[in-house]
Amino acid sequence: MKFFRSHVLVGINETSIMAGVQDFIKALRLELAKHNLQEEINILETGPLGFFGRGICLSVYPENVNYQDVKLEDVTELVSEHFLKGRPLKRLMLDDGGKFSPKLNYSDRIVLRNSGIIDPENIDEYIGAGGYEAWEKALTQMQPADILAEVKISGLRGRGGAGFPAGVKWGFTAPIDAPQKYVVVNADEGEPGTFKDRLIMEGDPHQLLEGTMICARAVGATKAWIYIRGEYKLCIDRLQKAIDQCREYGILGKNIFGSGFDLDIFIKIGAGAYVCGEETALIESLEGNRGNPRWKPPFPGVEGLWQCPTVVNNVETLANVPFIIQKGAEEFMKHGTPECTGTKVYTILGDVAYPGLCEVDMGTTLRTIINDYAGGMKKGFRFKAALVGGAAGVILPDKLLDVKMDFSSLNQYAAVLGSGAILVMNEHQSIVDILWSILRFFRHESCGKCAPCRNGTQQLYRLISKIKKGKGTMEDVDLMLTIAETMQQTSFCALGQSPIMGVRSAIENFKDEFIAITKK
Amino acid sequence: MYREICSKYAPDKDNLICILHEIQNSHPQHYISEEAVQTVAEYLGVPANHIYGVLTFYTMYSTKPRGQNIIRLCESPPCYIKGSENILHKLMTLLDIEVGETTKDGCFTLELCACLGVCGNAPVMMINNDVYGDLTEEKVEEIIEKVRRG
């Protein structure tokens with residue numbers, strides 16, 4: 001193996017591609033060659049580096065220097081200063097000359113432990129980082145029942161929204177004696193403001209595959225589908241490459257590692273429908289139908305894809321599984337709280353100093369996440385509210401900043417945790433306005449199957465539009481609550497049951513604003 | 001032509017969404033015609049109204065001819081609070097069209113869409129397969145000019 005003096009990790013994701021990262025890498029290679037450094041400095045293309053939002057980002061090891069917003073015209077200076085003279089270029093360093101440095105807690109990560117460190121398009125790097133050890137262990141040393149028990153003990157809960165224990169879900173499917181069972185990976189991430197699954201897939205696609213494989217083994221499924229949004233081009237490419245590499249290495253296929261177990265994974269591309277994030281709607285879509293949700297029960301675990309028992313899990317849920325099998329449930333339970341074990345990936349957006357992603361233990365407060373990982377508020381702005389959980393989420397005021405972020409502490413708001421989106425708003429932003437935007441979204445995305453949701457989303461949008469124009473009354477505000485509550489009780493699926501979250505939290509926490517804007 | 005695309009896939013209904021994607025991508029006007037619907041219906045052995053139902057359910061498909069370039073501006077909350085409405089108005093004046101319409105020269109179609117998952121760079125739009133973020137009114141003008149020139 002060749003040794004290099006330094007490794008430059010370049011984050012390749014939608015953001016950096018937009019900023020022209022491919023041209024940048026070419027220029028960097030040329031410049032290094034000009035100084036005859038190509039044998040000393042290694043350039044590695046990797047996934048999201050764990051801090052982002054600003055253009056092209058680099059991490060240099062072993063110096064552990066992070067650069068952000070590097071431009072094509074900076075290449076000459078960067079090479080001559082850092083790589084030739086050994087003086088990191090302060091001007092471009094992430095920490096703004098030591099004022100603030102977002103926490104990069106790689107040692108505490110589970111889901112993103114390889115993201116930004118390995119080349120996601122190279123299976124050898126994943127294997128080098130301990131990848132597929134868990135898969136081998138699950139196939140050769142463990143019985144399906146052992147895997148199931150381990151996941152149950154770990155307390156892993158679904159990271160898609162509802163927080164249902166993964167081990168229990170698998171436990172419905174595992175004992176069923178059926179000629180065919182399936183695993184479906186829900187990668188139809190559509191919650192506005194949420195893109196954690198995109199970053200997990202872009203940064204470490206093999207970990208998701210490995211988790212899917214272990215799940216398939218535990219429940220006895222021989223085929224798995226990844227249902228992914230059509231807009232996520234880079235994820236689709238990387239996952240397809242990863243699957244091809246696995247087939248080539250015999251990690252997928254027939255009689256894997258001589259265990260007698262067969263498994264293959266396929267990608268299915270969605271066509272743009274928010275409701276397909278609902279597991280039964282997703283299954284309908286996979287079968288080539290309109291994405292209308294199905295009646296439950298029977299639950300997919302018993303009767304899902306083509307009437308076969310099917311486990312549907314979110315990307316983040318499955319990406320946790322290799323760690324649990326490789327290191328054991330004990331190790332996993334060291335993270336988080338007793339009721340909510342493990343970590344959670346968040347994307348932090350809006351008026352914070354460093355918008356980005358982080359992975360922290362369950363139970364970390366919103367305040368810590370905003371201050372320690374996103375650098376607090378952007379200069380000159382004051383915190384007003386945070387929309388947590390996207391459109392189906394809640395609007396939290398500053399007095400709720402110290403709420404612990406886990407499924408049990410968030411209690412009535414728990415469903416919002418899954419998406420992991422935190423949108424921070426400053427004091428100038430109007431709550432009525434943001435609620436209007438949320439309700440417009442629901443009006444568009446209602447699938448039309450059931451009347452409460454089909455009509456309710458229309459009426460909520462009509463009322464909030466009236467209020468936004470200053471033509472509404474407090475009776476209209478109360479009516480919105482009544483409609484949203486009725487929808488929660490009577491809608492067919494989670495979509496129609498969700499608008500109450502935003503409506504209630506906005507009206508309860510920011511009543512003054514509604515009073516101010518409505519007619520007396 | 002449609003038949004050729006179909007035959008790349010097994011004649012199973014669950015391939016419908018993939019087939020429709022490919023048909024739409026291969027058409028210079030990025031849409032799925034009635035003729036295409038008929039062909040796919042025959043190939044898969046499902047009624048044409050099922051295909052039409054699927055086609056109109058998902059926002060990525062179009063039953064009407066569109067421009068060479070499809071602009072999809074995100075209107076979800078994270079982009080909205082960063083000023084996507086201003087960007088929308090800029091695009092409408094610049095192209096002299098409403099949402100859902102195509103420019104007279106057939107160069108652009110303007111659409112709105114839900115979250116594209118690039119919220120770190122809000123407001124965001126996609127033109128064909130490329131994402132453009134941190135949009136400002138000035139930037140939009142430059143981008144449109146650049147795409148128009150090809």
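The values are calculated or read from the model by the stated rules, or taken from the named source; none is laboratory data. It should be emphasised that the depicted structure is a prediction, and the values quoted were computed from it without experimental measurement. For neighbour counting, all protein chains shown are included, and Cβ atoms are generated from backbone atoms with ideal geometry for every residue, glycine included. We work out accessible area using only protein heavy atoms, side chains counted, and drop any ligands, DNA or RNA first. Shrake-Rupley method; radii C 1.70, N 1.55, O 1.52, S 1.80 Å.
Within the range B:51-150, considering only strands (runs of 3 or more DSSP E) that don't extend past its boundaries, which have at least 1 residues that are open to solvent by less than 20 Å² (accessible area, probe 1.4 Å) and in contact (Cβ under 8 Å) with a residue 40 or more places away in the chain? Show your work before the answer.
Numbers: elements: B:69-74, B:108-113, B:125-127, B:130-132.
Result: B:69-74, B:108-113, B:125-127.
Okay, residues lined up against (1) within 14 Å of another protein chain (Cβ to nearest Cβ); (2) in contact with a strand residue (DSSP E or B) (Cβ under 8 Å, 6 or more places away or on another chain); (3) assigned to a strand (DSSP E or B):
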position: A:247; (1), (2), (3): no, yes, no
position: A:282; (1), (2), (3): yes, yes, no
position: A:293; (1), (2), (3): yes, no, no
position: A:301; (1), (2), (3): no, yes, no
position: A:319; (1), (2), (3): no, no, no
position: A:323; (1), (2), (3): no, no, no
position: A:326; (1), (2), (3): no, no, no
Of all residues making up the range A:426-443, the number that are assigned to a helix (DSSP H, G or I) and free of Cβ contacts under 8 Å to residues at least 60 places away in the same chain: 6
Qualifying residues in the range A:20-56 (those that are at pLDDT 85 or above and under 24 Å from residue A:353 (Cα atoms)) - the one surrounded by the fewest Cβ atoms within 10 Å (Cβ to Cβ): A:20
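Within 14 Å of chain B (Cβ to nearest Cβ), within 22 Å of residue A:153 (Cα to Cα) and crowded, with 22+ Cβ neighbours inside 10 Å - does that describe any residue in the range A:339-351?
Let us first name the residues in the range A:339-351 that are within 14 Å of chain B (Cβ to nearest Cβ), namely A:345-351.
Remaining after also requiring within 22 Å of residue A:153 (Cα to Cα): A:345.
Among the residues that remain, those that are also crowded, with 22+ Cβ neighbours inside 10 Å are: A:345.
Scanning the range A:339-351, I find at least one residue that is within 14 Å of chain B (Cβ to nearest Cβ), within 22 Å of residue A:153 (Cα to Cα) and crowded, with 22+ Cβ neighbours inside 10 Å, so the answer is yes.
Considering only residues that are more than 8 Å from chain B (Cβ to nearest Cβ) and under 19 Å from residue A:395 (Cβ atoms), look in the range A:436-454 and name the one that is surrounded by the fewest Cβ atoms within 10 Å (Cβ to Cβ).
Pass one, the range A:436-454, residues more than 8 Å from chain B (Cβ to nearest Cβ): A:436, A:439, A:442-443, A:446, A:448-454.
Subset that is under 19 Å from residue A:395 (Cβ atoms): A:436, A:439, A:442-443.
Values: A:436: 21, A:439: 26, A:442: 25, A:443: 19.
Looking at the filtered set, the residue picked out is A:443.
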Among the candidates A:181, A:233, A:223, residue that is over 22 Å from residue A:140 (Cβ atoms) and of a type in the set (D, E, K, R): A:233
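Where residues in the range A:237-290 are within 30 Å of residue B:112 (Cβ to Cβ) and among the basic types (Lys, Arg), which of them is nearest to the chain's Cα centre (by Cα)? Spell out how you get there, then give the answer.
Step one: of the range A:237-290, the residues within 30 Å of residue B:112 (Cβ to Cβ) are A:237-240, A:267-290.
From what is left, the residues that are among the basic types (Lys, Arg) are A:238, A:268, A:290.
Details: A:238: 16, A:268: 19, A:290: 25 Å.
Only one residue fits best here, namely A:238.
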Residue identified as within 24 Å of residue A:242 (Cβ to Cβ) and free of Cβ contacts under 8 Å to residues at least 60 places away in the same chain among A:212, A:222, A:194, A:140: A:222
Every pair of residues 6+ apart whose Cβ atoms lie under 6 Å, when the first sits in the range A:449-468 and is of a type in the set (Lys, Arg) while the second is crowded, with 16+ Cβ neighbours inside 10 Å and in a helix (DSSP H, G or I): A:468/A:432; A:468/A:436
Residue satisfying all of: in the range A:225-240; hydrophobic (A, V, I, L, M, F, W, C) and farther than 26 Å from residue A:308 by Cα; least open to solvent (accessible area, probe 1.4 Å) among these: A:235
Selection from the range A:1-19 of residues that are open to solvent by 10 Å² or more (accessible area, probe 1.4 Å) and away from chain B (no Cβ under 14 Å): A:1, A:2, A:3, A:4, A:5, A:7
Yes/no for residue A:380 being surrounded by fewer than 24 Cβ atoms within 10 Å (Cβ to Cβ) and either out of contact with any strand residue (DSSP E or B) (no Cβ under 7 Å at 6 or more places or on another chain) or within 14 Å of chain B (Cβ to nearest Cβ) (or both): yes
Members of the range A:306-326 found to be surrounded by 24 or more Cβ atoms within 10 Å (Cβ to Cβ) and over 24 Å from the mean Cα position of the chain (by Cα), listed by number: A:309
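Can we say residue A:230 is within 14 Å of chain B (Cβ to nearest Cβ) and within 13 Å of the chain's Cα centre (by Cα)? Please lay out each step first, then the result.
Details: within 14 Å of chain B (Cβ to nearest Cβ): yes; within 13 Å of the chain's Cα centre (by Cα): no.
No; evaluated as a whole, the condition is false for this residue.
Residue-by-condition table, conditions (1) within 14 Å of another protein chain (Cβ to nearest Cβ); (2) within 25 Å of residue B:129 (Cβ to Cβ); (3) aliphatic (A, V, I, L, M); (4) open to solvent by less than 20 Å² (accessible area, probe 1.4 Å):
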| site | (1), (2), (3), (4) |
| --- | --- |
| B:5 | no, yes, yes, yes |
| B:9 | yes, yes, no, no |
| B:17 | yes, yes, yes, yes |
| B:20 | yes, yes, yes, yes |
| B:30 | yes, yes, no, no |
| B:41 | yes, no, yes, yes |
| B:46 | yes, no, yes, no |
The range A:353-377, residues that are within 13 Å of chain B (Cβ to nearest Cβ) and out of contact with any Lys or Arg (no Cβ under 7 Å at 6 or more places or on another chain): A:354, A:355, A:356, A:358, A:374
Pair list, Cβ under 7 Å, 6 or more apart: the range A:370-398 residue within 18 Å of residue A:360 (Cα to Cα), other residue part of a helix (DSSP H, G or I) and modelled with pLDDT under 90: A:388/A:416; A:389/A:416
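Which one of these is crowded, with 23+ Cβ neighbours inside 10 Å and in contact (Cβ under 8 Å) with a residue 12 or more places away in the chain: A:269, A:243, A:256, A:283? Please lay out each step first, then the result.
Working: A:269 fails: crowded, with 23+ Cβ neighbours inside 10 Å; A:243 fails: crowded, with 23+ Cβ neighbours inside 10 Å; A:256 fails: crowded, with 23+ Cβ neighbours inside 10 Å.
One residue alone meets the criteria, A:283.
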